[in-house]
Amino acid sequence: MLKDNLIVLRKNAGLSQEELSVKLNVVRQTISKWESGLSVPDAEMLLSISEVFEIPVSTILGENIEEKENNDIKEIAQKLEVINELLSKSKKQKRKRIICFLIIIDICFILLFILLSILKSPYQLWDYSDPEWSIIGTLWHSFEWIFFKVAPIVVVVVTFILGIFFIKRNR
């Protein structure tokens, strides 16, 4: 009874024989002997044991103490599983938002390209003797030139880089 109770108390407290021996100021072999039934602690040592485990001596010497189920690991594993699922969903939602944002930007670029193609450079018909119209026409021409000449290259390069980034990230 005593040896079984000592083993159960020590395991329930999550202590090794070495750790318990340090708390009781004895050598580890003494704990091993108590747990194997080769010797028993004296009265003073029983008091020390009861203080370490915070239970009365009568409980240590009495009936068998039930071993506490070690569900802590199972509970932690279940909580980690739930957290991992939430993180996975969060990452998927973030990726969907990024993809939707990029698609919207692409659609805006396409619409702007179509609009500029339909307008066929209206700034060329403006009266440039008025300084305001000459500034607006110059800005419009600059925007159109950048959009038709530079933007396609930038879009291709950015799309290529993002494609590589997302492909490597999926692996």
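Filtering the range 21-50 to residues that are more than 16 Å from Leu2 (Cα to Cα) and part of a helix (DSSP H, G or I) leaves Ser21, Val22, Lys23, Leu24, Arg28, Gln29. Residues of the range 74-82 include none that is surrounded by 15 or more Cβ atoms within 10 Å (Cβ to Cβ) and modelled with pLDDT under 80. Summed over the range 19-38, residues that are charged (D, E, K, R) and free of Cβ contacts under 8 Å to residues at least 12 places away in the same chain total 3. Would you confirm whether or not the range 57-69 contains a residue that is surrounded by 13 or more Cβ atoms within 10 Å (Cβ to Cβ), within 13 Å of Val8 (Cα to Cα) and at pLDDT 85 or above? No: the range 57-69 contains no residue that is surrounded by 13 or more Cβ atoms within 10 Å (Cβ to Cβ), within 13 Å of Val8 (Cα to Cα) and at pLDDT 85 or above.
Just to be sure before I move on: is Glu51 at pLDDT below 85, charged (D, E, K, R) and within 15 Å of Leu9 (Cβ to Cβ) in the structure I sent? Here the answer is no, as Glu51 does not meet what is asked.
The values are calculated or read from the model by the stated rules, or taken from the named source; none is laboratory data. Here the structure is a predicted model, which means the values were calculated and not measured. When we count neighbours, we look across all protein chains shown, and the Cβ atoms used for this are built from the backbone with ideal geometry, even at glycine.
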